[in-house]
Amino acid sequence: MPQSTVSFRLDINRGNAIIDYIRTTASPRLLSNELFGPLMTITLYLGIIIAVFGTGANIVTITVYRRLGFVDTSNISLTALAISDLFVSITTLISVLSLVLLGTISNIPFTYEIFVPISASAHVSFSRVSALITAFLSTERYLCVLVPLKIKSLITPKRTFTVMVILFVAGFIRWPLDFIIFPIRWRYFPSLNRTLLGAIASTDQTAVILRGFNQGYYVYLLPPLTFTIVLVCTILLSISLHRSKAWRDANKSTPSNASATSAAEKPNLQQSKEAKAVKLVITIATVFIIATIPSSIHLIAVTTVPGFDVGGRYVNMWALMGVVYNIVDCMNCGANVIIYFNMSSKFRQATLELFSRRCRK
């Protein structure tokens, strides 16, 4: 089959969201420009709605948990998760808005490539922070079921706060590195006959080493590690919850007097509280597991499929899948506030009080 020089373009409407990538081998694309445009437009506007909801939902979550206080260590962890999810939603909103604006406004002196290190990388970093916190929540809750007395004495508010800071650093380290890997610089675009501000992977030795580190750490280590921890702990928690329920059902009895009834109700109330906490973590973890699948597929494809990257031959599919998994991440972030509201009576009451006060003002 004859080969020729061709130009691959990511063209959203008439703006500057264009990547020209010259190759000497004509290769079929996974997604044509004709199909890519409408699909991307619909996905972007859907993403804006979901990202705005996720941003607002996590602001509410942070406000409510601040009002509830941080005596309970789980409140610290859930607040940290909400902060991370808030930035996931914000970075997604920046990414989708930039693509919409670049696709509708002409003569902007930069391309959407600059948002790879600015917002896309930040999105991945905060997503990994959320994954680490979810893994911590799952592990903590399972250990509380397995060895409750030891864990409750070991995990204090101060220690939990320290762990959250460490997890933020561990997940956030990628963002500054990507400014070296994808340096923002002026590039000439033949199709536009213009020089625009863009960002493309550097071939500098330092950048190549850092990109290898990022791929190993953010693709091959963190996603499988957090996914496995959350999955295993969720399964074990589900089994433990089922056994606990079966044990309570089997040991139900009618006390012979009022004092016996009162004595029996106290441990039951405590068990009910623990069961609700376990159910909450299981639900958060289950949503996380489902939401993690698209981003894992996308990041693995970037590292294993040649040309599946910014400026590559499969840039159309790379861009569309990237936006889709960002939106799924945002859906996960927004879903948490719904989970808290439905499963936590304290959170629900504090939320209703918050909005009732706002309405009275």
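The values are calculated or read from the model by the stated rules, or taken from the named source; none is laboratory data. Just so it is clear, the structure is predicted and the values come from calculations on it, not from any experiment. Cβ atoms come from the backbone with ideal geometry, glycine included; neighbour counts cover every protein chain shown.
Looking only at the stretch 64-86, decide whether some residue is in contact with a Cys (Cβ under 6 Å, 6 or more places away or on another chain) and either at pLDDT 95 or above or surrounded by 17 or more Cβ atoms within 10 Å (Cβ to Cβ) (or both). Within the stretch 64-86 (the criterion being in contact with a Cys (Cβ under 6 Å, 6 or more places away or on another chain) and either at pLDDT 95 or above or surrounded by 17 or more Cβ atoms within 10 Å (Cβ to Cβ) (or both)), the answer is yes, since at least one residue qualifies.
The residues in the stretch 322-361 that are at pLDDT below 85 and under 24 Å from S130 (Cα atoms) can be counted, and the count is 4.
Identify all residues within the stretch 309-352 that are of a type outside the set (A, V, I, L, M, F, W, C), touching a Phe, Trp or Tyr at 6+ places or on another chain (Cβ under 7 Å) and in a helix (DSSP H, G or I); write none if there are none. Give the derivation first.
Of all residues in the stretch 309-352, those of a type outside the set (A, V, I, L, M, F, W, C) come to 309, 311-314, 316, 322, 325-326, 329, 332, 334, 336, 340, 342, 344-346, 348-349, 351.
Pick out the ones that are also touching a Phe, Trp or Tyr at 6+ places or on another chain (Cβ under 7 Å) and you get 309, 311-314, 316, 332, 334, 340, 348, 351.
Listed by number, the residues that qualify are N316, N332, G334, Y340, R348, T351.
Taking helices (runs of 4 or more DSSP H) as the structural unit, those lying wholly within the stretch 144-195 and holding at least 2 residues that are over 21 Å from the mean Cα position of the chain (by Cα), more than 20 Å from S77 (Cβ to Cβ) and among the β-branched types (V, I, T) correspond to 174-181. For beta carbons closer than 9 Å, sequence separation of 6+ or different chains, a first residue in the stretch 91-106 that is closer than 23 Å to L192 by Cβ and a second that is of a type in the set (D, E) and not in a helix (DSSP H, G or I), the qualifying pairs are G103/D11. Tallying residues that are over 30 Å from A80 (Cα atoms) and either of a type outside the set (G, A, S) or loosely packed, with under 14 Cβ neighbours inside 10 Å (or both) within the stretch 160-212 yields 22.
Identify the residue in the stretch 283-307 that is of a type in the set (A, V, I, L, M) and within 22 Å of T139 (Cα to Cα) and, among all such residues, is modelled with the lowest pLDDT.
Start the filter on the stretch 283-307 by keeping residues that are of a type in the set (A, V, I, L, M), which leaves 284-285, 287, 289-291, 293, 297, 299-302, 305.
Retained after the next criterion (residues that are within 22 Å of T139 (Cα to Cα)): 284-285, 287, 289-291, 293.
Working: I284: 94, A285: 93, V287: 93, I289: 91, I290: 91, A291: 90, I293: 85.
So, considering only residues that are of a type in the set (A, V, I, L, M) and within 22 Å of T139 (Cα to Cα), the one modelled with the lowest pLDDT is I293.
Of the residues A26, A57, A51, which single one is at pLDDT 95 or above and either surrounded by 15 or more Cβ atoms within 10 Å (Cβ to Cβ) or among the aliphatic types (A, V, I, L, M) (or both)?
Details: A26 fails: at pLDDT 95 or above; A51 fails: at pLDDT 95 or above.
Going through A26, A57, A51 in turn, just one is at pLDDT 95 or above and either surrounded by 15 or more Cβ atoms within 10 Å (Cβ to Cβ) or among the aliphatic types (A, V, I, L, M) (or both): A57.
If you filter the stretch 87-133 down to residues that are in contact with a Gly (Cβ under 9 Å, 6 or more places away or on another chain), in a helix (DSSP H, G or I) and polar (S, T, N, Q), you find that the one that is surrounded by the most Cβ atoms within 10 Å (Cβ to Cβ) is T92.
The residues in the stretch 164-211 that are touching a strand residue (DSSP E or B) at 6+ places or on another chain (Cβ under 8 Å) and among the aromatic types (F, W, Y) can be counted, and the count is 4. Note on the stretch 198-210: among residues that are modelled with pLDDT of 85 or more and hydrophobic (A, V, I, L, M, F, W, C), the one that is nearest to L78 (Cα to Cα) is L210.
Residue-by-condition table, conditions (1) in contact with an Asp or Glu (Cβ under 6 Å, 6 or more places away or on another chain); (2) over 28 Å from F213 (Cα atoms); (3) in contact (Cβ under 8 Å) with a residue 24 or more places away in the chain:
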{"site": "A131", "(1), (2), (3)": "no, no, yes"}
{"site": "Y142", "(1), (2), (3)": "no, yes, yes"}
{"site": "T162", "(1), (2), (3)": "no, no, no"}
{"site": "W175", "(1), (2), (3)": "no, no, yes"}
{"site": "I180", "(1), (2), (3)": "no, no, yes"}
{"site": "P183", "(1), (2), (3)": "no, no, yes"}
{"site": "W186", "(1), (2), (3)": "no, no, no"}
{"site": "N193", "(1), (2), (3)": "no, yes, no"}
{"site": "I200", "(1), (2), (3)": "no, no, yes"}
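Among the residues making up the stretch 291-320, those that are of a type in the set (A, V, I, L, M, F, W, C) and touching a residue at least 40 places away in the same chain (Cβ under 8 Å) are A291, L299, I300, V302, V310, V315, M317, A319, L320.
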